[in-house]
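Remarks on the structure that follows.
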Amino acid sequence: MSSIIKKGTVLALSAILLAGCGGSGSTGNTGTAPVASVNVEDLTFPLAEKATIKGLTNFPAGTESEPNNRTIFKRLEEKTNVHVDWKTIQGDQWGDKIALEMANVKTLPDFIFNAGFGDTDLLKYASQGVIINLEDYIDKYMPNLQKVFEQAPEYRTMCEDADGHIWALPWIEQLGYEKTAIQTVGYMSFINKDWLDFLNLEMPTTVDEFEQVLLAFQSNADALKAEFNIDGSIIPLACIVNDGDQDPCILINGFGEGYGDPDRGRHIAVTDDKKVISVATTEGFKKGIAWLHKLYEEGLMDPEAFTQEWSTYVAKGKSGRYGVAFSWDIANIAQISMDDLIAGKGWVPLPALTADVRNITPANGSFTSGFDRGRCVVTSVCKNPALVCAWLDQMYDPFQSPQNNWGTYGEDDDFDIFVLGKNADGEDMLQHAPLGDASPVEVREAESVGGPLAILDSYYDKYVTCPDDAQYRLDWIKDIYTPDMNTKYVFPNVFMTREDTKEASNLIADISKCINTAKSDWIMNGFTDADWDQFQKDLEAYGLSKYLEIHQKYLDAYYK
């Protein structure tokens, strides 16, 4: 939707960065490239003469390896008259090979499209002069991204380092917003509604009622196996302790202060007076883990919950043996169709359980939904960053971003993610197509290109429809969990300095190991007050206060 490069200005553009990266006066050693004086008002696509830029990207194994053979890039070249000379790496080899590519600056292309760099990578490559800062290019040559930042200014803040520099272009995918965002509850708990109905049980709302339901599953195991033709023992409560979305700690949100443990990587939460705390020091964590031990001691929890791999967890779930399980989506681990999920059949989300309080703590960083700060970088060997950034800005066109993220329409094959329809105002809109037996993941991998993009919550029903497999989860969040989200704040997605990132990373390695080890041990074997007191001393010895101090500094800065 934006106009960037004026016809007839290609020759000017080829020479505009004599003061920029790769030209005389290059500041590649500092990672900073001055912006050339090109009047943005005089620029438009398509170019009068074809220009070529160079990019590096990755592709999913088993899909088209040449980006220019994908319909999305074919259309972009036609729209912009910019040809991209791509180098590609298979996705499952990206982690190892991209590090080697970045180590040889002379052979780098103009930009890395699907970089996926973490904060440490960005700051390292910036200090080495391998990538350039982009904030001035964004302001001059990227009106689509500017509009995103105007609508949601928090994303610009999240892209900036401590000095205000932007070293990469982001990937943004809003599905819901703030307390309705799809990421607010990752480790969702699900209960087998067929079992509840067969045993004439009500949906539990308290921890005591929940325990009685599990006991009913246990005592009626033979009847359940016969009714539902289950091969194997009944498992009332299935989980993988300390394993991301498969962890059961959403169950303990109601104990004590009600924080639970929503951030299994950092084990932190934010109080209503904007104080960063470790949940592992709270009374709720202590009482909640003791209660989980009680469930384990009663034989209600899978004894393999501490050791099993994902594949084992899925295999047992697909065989119908679970009464309660945890995952991003129950379809990952149970035999159930999307139609049944939408209709509330078979499996349904388990609501918040009341113990001392009733609360669901949203995941940290979730209020701003899906975000990758390091999705795309421009390298210091790039001869024409203005043109490259102008081309990359096309990815932020609100009609283009959904296609890059999910797939496109009108291809000459058997399936597409979208059909081209109209919104309520009669304007073109991408409408998700029924896929039948086709796998949504496989279709998306075959058609999409990823890279930097932005899909804001306001785009739905204007530029694109919401994916069906996201919509029912959004409905679950909004209807079942959001009403019980009483926490005001989550820890935001902040960009720490290289020094603070390194120190925090070193500290959390020992802190998290200490917490996870104690959690597993205590759920299995129980613990005493003396064990708890020693645990607190151990956390402090590992530098917990310093770790919280670092995060508090960035929380305070974010809210300024």
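Okay, here's what the table says:
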read-out	value
Phi to ³J(HN,Hα) by Karplus 6.51 cos²θ - 1.76 cosθ + 1.60 over segment 360-376, Hz, x for Gly, Pro	10, 8, x, 5, 4, x, 7, 5, 9, 6, x, 8, 10, 5, x, 6, 8
In Å², nearest 10: area of Thr281 left accessible to a 1.4 Å probe	60 Å²
Probe 1.4 Å, all protein chains present, accessible-area order of Phe367, Phe113, largest first	Phe367, Phe113
Rounded, prolate or oblate (a/c below 1.5 giving rounded, otherwise prolate when a/b exceeds b/c) for segment 286-364 by Cα gyration tensor	oblate
Two-site label geometry, Asp468 and Ala223: point separation in nm, points 7 Å out along Cα→Cβ	3.6 nm
Length-normalised contact order of segment 369-471 in % [C-alpha pairs under 8 Å, at least 6 apart]	30 percent
Phe198 paired with Glu442, simple spin-label distance in nm, labels 7 Å along Cα-to-beta-carbon	3.1 nm
Whether the chain is rounded, prolate or oblate, judged on the alpha carbon gyration tensor where a/c under 1.5 counts as rounded	prolate
Stretch gain in nm, segment Asp139-Ser520, where the contour uses 0.36 nm per residue and the Cα spacing is subtracted	132.2 nm
Förster-model FRET efficiency, 51 Å R0, Ser545 and Ser311, C-beta, rounded to 0.05	0.80
Theoretical FRET efficiency, 1/(1+(r/R0)^6), r = Cβ-Cβ of Lys124 and Leu420, R0 56 Å, to 0.05	0.85
28 Å Cα-Cα threshold exceeded, pairs from Lys488/Lys546; Lys287/Lys318; Lys50/Lys462	Lys287/Lys318; Lys50/Lys462
Residue order for Glu499, Glu540 - accessible surface, 1.4 angstrom probe, largest first	Glu499, Glu540
Length-normalised contact order for segment 215-287 - Cα pairs under 8 Å, 6+ apart - percent	21 percent
Segment 482-560: C-alpha gyration tensor shape, a/c 1.5 cut-off, then a/b vs b/c	oblate
Rounded percent of accessible protein surface that carbon and sulfur make up, the chain, 1.4 Å probe	48 percent
Estimated inter-spin distance, Ser458 and Lys74, nm [label 7 Å along Cα→Cβ]	3.4 nm
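The values are calculated or read from the model by the stated rules, or taken from the named source; none is laboratory data. All values derive from a computational prediction rather than experimental measurement. Here Cβ is always computed from backbone atoms with ideal geometry, including for glycine, and neighbour counts include all displayed protein chains. Ligands, DNA and RNA are stripped out before the accessible areas are found, and what is left, the full protein with its side chains, is counted by its heavy atoms. Shrake-Rupley method; radii C 1.70, N 1.55, O 1.52, S 1.80 Å.
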